[in-house]
Amino acid sequence: MKEVKRPINKVDGYGLVSGQPVYTDDLAPKNSLVVKILRSPHAFARIKNINTEKAKSLEGVECVLTYKNVPRNIFTRAGQGYPEPSPYDKYILDEYVRYVGDEVAVVAARDEFTAEKALKLLEVEYEVLEPVLDFEKSKGSKSIIHPEKDYKSESFVSSDPKNNIAATYEMSIGDIEKEIEESDVVVKERFYTQAQAHVMMEPHAAYSYIDMQGRLVVVTSTQVPFHVRRILARALDLPIKKIRVIKPRVGGGFGGKQAIHGEPYVALVTLKTGKPAKVYYTRKEVFESTYTRHPMRFDVTIGADKNGKINVIDVRGLSDTGAYGEHALTTFMVAGSKVLPMYNKVKAVRFGGDVVYTNHPPAGAYRGYGAIQANFAIESAMDMLAYKLNMDPVKLREINMIREKETSPIFKIMGEGREGVDMIVRSCKLDECVEKGAKKIDWENKFKAKKEGKKVKGVGMAIAMQGSGIAKIDMGAATIKLNEDGSFNLLIGATDIGTGSDTILSQIAAEVLNVPTESIIPYSSDTDVTPFDVGAYASSTTYVSGNAVRIAAEKMKEEIIKAGAEYFEVPIEEVEFDGKEIRTKDNKITLQKLAEILYYNENQKQLSTTGSYVGDESPSPFMAGYAEVEVDTETGKVDLLNYVAVVDCGTPINPNLAKVQVEGGLAQGIGMAMYEEVIYDKNGRLLTNNMMNYKIPSRVDIKNLDVELVDSYEPTGPFGAKSVGEIGIDTPPAAIANAVYNAVGVRIKDLPITPEKVLKALKEKQN
Amino acid sequence: MKIKMTINNVLKEVEVSPSEFLLDVLRRLDYMSVKKGCDTGTCGVCTVLMDGKPVLSCSVLAASADGHKITTIEGLRDDPEFKAISQALLDEGADQCGFCSPGLILNVYAMKRDLKNPTEEEMKKYLVGNLCRCTGYMPQMRAIKKYFEVRS
Ligand code: FES
Ligand code: FES
C-alpha cells in the first residue's frame, strides 16, 4: 500500500493555515443584506401581536419576516435520513416561542448596524405561558409545549405531544426480573449527564442568492448539504430542483451543524427581495439558539454472579430534547445500541424510556450521540459492580466484553430510529486495547497503590464502542473523472468539516488507481455538482463515503483498461494498467497520452465513473480509556494528569489524521467530564451563553493525551478502515469518574465532576 | 472618522465609526484570515499583531489602531518563520478545521520573539488564549515544540 496508511498532509491544509478566504462568511457577496433574528426573551409564550411598522420604515431595512408572512410548513431541522426519524414540530417562524432564544422575527438590512437598530424597533406583545424547565417533570405536565394541530411524526416514531413526549422506546430480551433475582451481586444506581455545547470555533453562517436561472443558491457551513436541500424544499415549499446548496470549508461541526439553523431565514429574505442575504450567528446565538447535547438520566441495574459474569443489564432512561424533538428518538436509541452490545454475554437485557420536551434550547446531534451519555452511566456502574465483587475493574471487563467474531442480538433489534442489522463483529481488538492501555498507564501498580495524603492520585478506566455510519439507511457516492493530463477529479458529496475527509478520500482513490494522491483533485459537497451523500455524521465518512470512492475508483480502473483495449484493438484481458501506463504484451502508452488522445483525437469520450455505497453493517470502532487523576482532598479539585486511549479504528487511512481525531474527541470528552456545564436561571434563561461562562478545556487544562491505534483490519471497510470520528469522546466521563473514586472513594454520578461536587461528597463520606 | 493604519506594510487610510472594532474593519477590508469566533475576547481566533504584539482584534477599537502597524497572516505569507510554523502544523495534521490556525500561528510567531528557550509549560501559558475545539491541542503542541527545537 502506497497511498493509504500514510500520514500525508491535508490537501487543503495550506489554504487553511494561511488564512485564505474559504469559510462561508469569507465568501459572502459584499452586497449581501445582513440578516438578524429577534429572539424570544421568554421560555414559553404566545405572540399576541408584532408591530413591524417602525422597523420597516427605517432607512436601509429591506425585509421583515414574522410568522404572519412566512410559509407555514411543519418540518424538522434535524439533518438525518429520510423518512425522517425526528418529529415535525417546527415552523420557520411560529406564533409560539418555546425557549429563551427561539426565533420571533427576522430583519434584513443593508448593513449590520441598521439591522441591529431595526431589531430594537420591533414591538412584540407576548402572552407568557408557564414553561416546563425540569425534564423530570415534563411528562404529563399541564403545560403542553407543542399544542399545534399539524404536529406529526412518521409512523415508526412514537411521539405523544399531549404528554410532552417527543419519542418513546422500549426493547427487552430475556427475563429481566428473574435474572436480577438470581444474581449474586446487584448494582442499582441513577446517573445524570448534562447538556453540552459544541463550541465549534466557526459560528453558524449561511448566505444565499438567486442564480441566473432563477434558482435559490444557499452557501452554508453545514455537515449535511443534501439534507439541507431537502429540508429547505419542505420548509419553503420549493421543488428540490430549484435549490442548490454549497458547502465551503467548515470551521468545525461536531454534530452542531448536522441541521439547518440560519438557512431558511437568509433563503426567505433572498426569495422576497431578490437580493443576496447573509447571516452570521453571534456566539451568544450559537449558545442560546442552536443545539446542545441531550441531557439524560439513567437508572442502571446490573446483576452478576460472584465470579463476575454479568447476567443482566437493565437501563431505564429519560432524555431532554428541549423545545424541539430533533434527534430525539435516535440519540436515545444510540444510548442503548452503541453501549449494550459491549457486554454481549448477558442472559437478559432491557432498555427503554422517554424523550421529553422542555422549554430549553433544543438538543440535537453531538459527537458521541447518546452513546457517551449511556457510556458514563453503564461504565460507572460497572466499576461499582467490580467494587462490590472485590474484583479489578479491568478484569471485570475482560470477562464480559465482546470479542472478535462474536455478535450481540442488540445489533439486530436496535438501529437508529428503526430496527438495526444483524452483524458479526469482524474486527475487534478491544481486548488488545484494554491490555495495552493498562500497561501504558501502569494499572497494576497505580490501581493498588496506597492512597493517602492531601493530594491523592488514582487511575480509572472505561471501554467504549461506536459504529461506522448507519447501516442500510445512509448512503454516500463519489464520481471520478479523468482529465486530459491523466489527473482525476474526485467529486464527493461527503462533507469535510475539518476532519480531513477530502484528504483521506483522495488517498483511497489514489491507492486504488495506483497514482500519487497529488493526482487526485477532490471537490466536496455542492448539490449541483457532486453526487449524493448524507454528509458528515454518525462516523460515516471514512467507511461509507470511503467505500463509495473505492468503488468509483475500481470502476475507473476498468474504464481505463477498456479504453486501452480499444486503443490497441486487443481484448481487455490482455491489457494492464499500473497507474502510469496502459500495457499489452507488445505495446504501451502512458495514461496521460491515452487521456489526451481520448479527449482530442480518436474515439473521443469522457471517462467518468460513479460509485455508491450503503453499509450492510456498521462495524464498530472500539476503545479503552485510562485516566490518571490527582484529587485535592481539601478543595475537591481534580487534576487530570494523563489520559491513555488505545483505539481500534481498523486500519487508519491516514494515521496522523486518525490520531488527531481521537485527541480532539478526548479533549471534548474531558470537557464534558470536568468543565462544561450549561446553566439556566429559574426562568430558563441561559447563563452560560458566552465562552467566559461556558468553559471548554484550554491548552493548560489538557495535560497529556497518550493515543495509540492498534493494528486492526476491518474486511468490509476501505483498505481495512473503520470510523474514528466519535469514538474518542466516549470514555473520559466514566474513566475520570472511576479514577476519582479509585483515588478518594467518592462516586460522582452527575456530570460534570466539579470540585464542589467532589468536596461535598468527601465531606459526606467523612460524616 | 478617518484613521491611518499600516496593514501588512501598506499604509491605509480608512473611514471607521467610533464604535467599530478592528476585527470588523479588517474583514471589511478583505483581510479574511482574521476570524470571528466569540463576542467576548475569549477564543483567540481574531488575533493579529499590533506593532508586533499579539492583540485580540475583536476587543480593540479600530480608532485606537490609528497610527499603528497591523500584521495579519496575509502579511506573513513569504516570511520563513511563518512557513516553518505552518509546515510543522501541517506535518502533524494539526490543521483540522483550520479556523483557529491563523490566530495561533500569529501568537507562535510572537512567542518565538518573546520567549527564549521556553519550556512546554511556558509555551502553553503563552498560548492559553488560543482555543481550539478540534485537535485537543496535542498535535499543535507537538508541532510547536518541533518548530522551536529546529529553530532555536
Ligand atoms: S473573536 Fe474570540 S477572541 Fe476575538
Ligand atoms: S482546528 Fe478547528 S478549532 Fe482548531
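The values are calculated or read from the model by the stated rules, or taken from the named source; none is laboratory data. These figures come from a predicted structure and were not determined experimentally. Cβ placement follows ideal geometry from the backbone for every residue including glycine, while neighbour counts extend to all protein chains displayed. Side chains are part of the model used for accessible areas, which takes the heavy atoms of the whole protein and leaves out ligands, DNA and RNA. Shrake-Rupley method; radii C 1.70, N 1.55, O 1.52, S 1.80 Å.
Observations on the structure shown:
- The range A:1-89 shape via C-alpha gyration tensor axes, a/c threshold 1.5: oblate
- DSSP-loop trypsin sites (Lys or Arg not before Pro) across the range A:511-611, with at most 14 other Cβ within 10 angstrom: A:LYS580, A:LYS585, A:LYS605
- Using a probe of 1.4 angstrom and keeping all protein chains present, the accessible surface of the range B:1-80 works out to 43 square angstrom per residue.
- Interface residues, the range A:193-207 - accessible area loss of 40 Å² or more versus chain alone, probe 1.4 Å: A:MET201
- For A:PHE351, the accessible area of its heavy atoms, probed at 1.4 Å with every protein chain present, is near 0 square angstrom.
- Every Cα-Cα pair in chain B was counted, and those over 24 Å apart are 30% of them.
- Ligands, DNA and RNA left out, the 1.4 Å accessible surface of chain B is 54% carbon and sulfur atoms.
- Summarising the amide proton neighbourhood of A:LYS90: residues at separation of 5 or more, or on other chains, whose placed amide H is nearer than 5 Å comprise A:PHE75.
- Accessible area in square angstrom per residue, chain A, 1.4 angstrom probe: 34 Å²
- Against the rule of thumb 2.2 N^0.38 Å, how large the Cα Rg of the protein assembly as shown comes out: 0.94
- Over the range A:445-498: Kirkwood hydrodynamic radius from C-alpha pairwise inverse distances, Å: 17.4 Å
- Accessible surface ranking that places the most exposed of A:LYS763, A:LYS749 first, with a 1.4 angstrom probe: A:LYS763, A:LYS749
- Three principal axis extents of the range A:219-324 based on alpha-carbon atoms, in descending order, are 72, 32, 27 Å.
- Pairs exceeding 30 Å between alpha-carbon atoms, taken from A:LYS247/B:LYS2; A:LYS68/A:LYS257; A:LYS139/A:LYS188: A:LYS247/B:LYS2.
- Exposure check, 1.4 Å probe, all protein chains in place: A:LYS388 carries approximately 120 Å² of accessible surface.
- By the helix-only formula, in which each DSSP H run with n ≥ 4 contributes -39500 (n - 2.57) and the sum is divided by residues, chain A has a 222 nm mean residue ellipticity of -8000 deg cm²/dmol.
- Normalised by residue number, the volume inside the convex hull of the Cα atoms of the range A:57-194 is 191 Å³ per residue.
- Protein accessible surface hidden between A and B, which excludes ligands and nucleic acids, total in Å², probe 1.4 Å: 4300 Å²
- The alpha-carbon of A:LYS242 sits under 18 angstrom from the alpha-carbons of these lysines, leaving out residues fewer than 8 places away in its chain: A:LYS272, A:LYS275.
- Per-bin percent of Cα-Cα distances, the range A:571-681 [5 Å]: 2, 7, 10, 11, 9, 8, 8, 8, 7, 6, 5, 5, 5, 4, 2, 1, 0
- Calculated on C-alpha atoms, the gyration radius of the range A:492-603 divided by its Kirkwood radius gives an Rg/Rh of 1.06.
- Burial here means at least 20 square angstrom less accessible surface with every protein chain in place than with the chain by itself, probed at 1.4 Å; in the range B:106-128 the buried residues are B:LYS124, B:VAL128.
- Percent RCO, i.e. relative contact order, over chain A, from Cα pairs under 8 Å lying at least 6 residues apart: 15 percent
- Cα-centre dipole for the range A:307-445 with unit charges at Cβ (Lys and Arg positive, Asp and Glu negative), debye to 20: 340 debye
- Two-decimal Rg to Rh for the range A:524-563 - Kirkwood Rh, Cα set: 1.08
- Cα gyration tensor, the range A:680-723 - rounded (a/c under 1.5), prolate or oblate: oblate
- The three principal axes of the C-alpha atoms in the range A:398-463 carry coordinate ranges of 52, 24, 16 Å, sorted with the longest axis first.
- Residue pairs, from the table A:LYS637/B:LYS125; A:LYS5/A:LYS722; A:LYS682/B:LYS36; A:LYS395/A:LYS446, whose Cα atoms sit over 22 Å apart: A:LYS682/B:LYS36
- Multiplying the residue separation of A:LYS162 and A:GLU756 by 0.36 nm and removing their Cα-Cα distance gives an extension gain of 210.0 nm.
- Applying both filters, DSSP loop and at most 11 other Cβ atoms within 10 Å, to the GluC sites (Glu not before Pro) of the range A:529-612 gives A:GLU569, A:GLU602.
- Kirkwood-based shape ratio for the range A:145-235, expressed as Rg/Rh from alpha carbons: 1.17
- Assigned charges on the beta-carbon of Lys, Arg, Asp, Glu; the protein assembly as shown dipole about Cα centre (debye): 1640 debye
- Above 14 Å, the calculated P(r) of the range A:647-691 contains 65 percent of its Cα-Cα pairs.
- Solvent-accessible ranking of A:ASP526, A:ASP616, largest area first, probe 1.4 Å: A:ASP616, A:ASP526
- For chain A, carbon and sulfur atoms together expose 49% of the accessible surface, with a 1.4 angstrom probe and every protein chain in place.
- Exercise: per-residue mean of other protein chain Cβ atoms within 10 Å, A:698-707: 5
- Dividing the summed -39500 (n - 2.57) terms of all DSSP H runs of n ≥ 4 by the residue count of chain B sets its mean residue ellipticity at 222 nm at -11000 deg cm²/dmol.
- Peptide-level mean, for B:28-37, of C-beta atoms on other protein chains within 10 Å: 5
- Heavy-atom accessible surface of B:LYS124, to the nearest 10 Å², is about 10 Å², with a 1.4 Å probe and all protein chains retained.
- Above-threshold pairs, the threshold being 25 Å between Cα atoms, out of A:LYS338/A:LYS405; A:LYS451/A:LYS760; A:LYS36/B:LYS69; A:LYS306/A:LYS765: A:LYS36/B:LYS69; A:LYS306/A:LYS765
- A simple rule links phi to the HN-Hα coupling: the Karplus curve 6.51 cos²θ - 1.76 cosθ + 1.60 with θ = phi - 60°, which for the range A:175-181 gives 9, 4, 4, 4, 5, 5, 3 Hz, with x for Gly and Pro.
- Spin-label zone in the range A:280-316 - amide nitrogen under 13 Å from a point set 7 Å from the Cα of A:ASP184 along the C-beta vector: A:304-311
- Potential extension, A:GLU764-A:ILE210 segment - 0.36 nm per residue separation minus Cα distance: 193.0 nm
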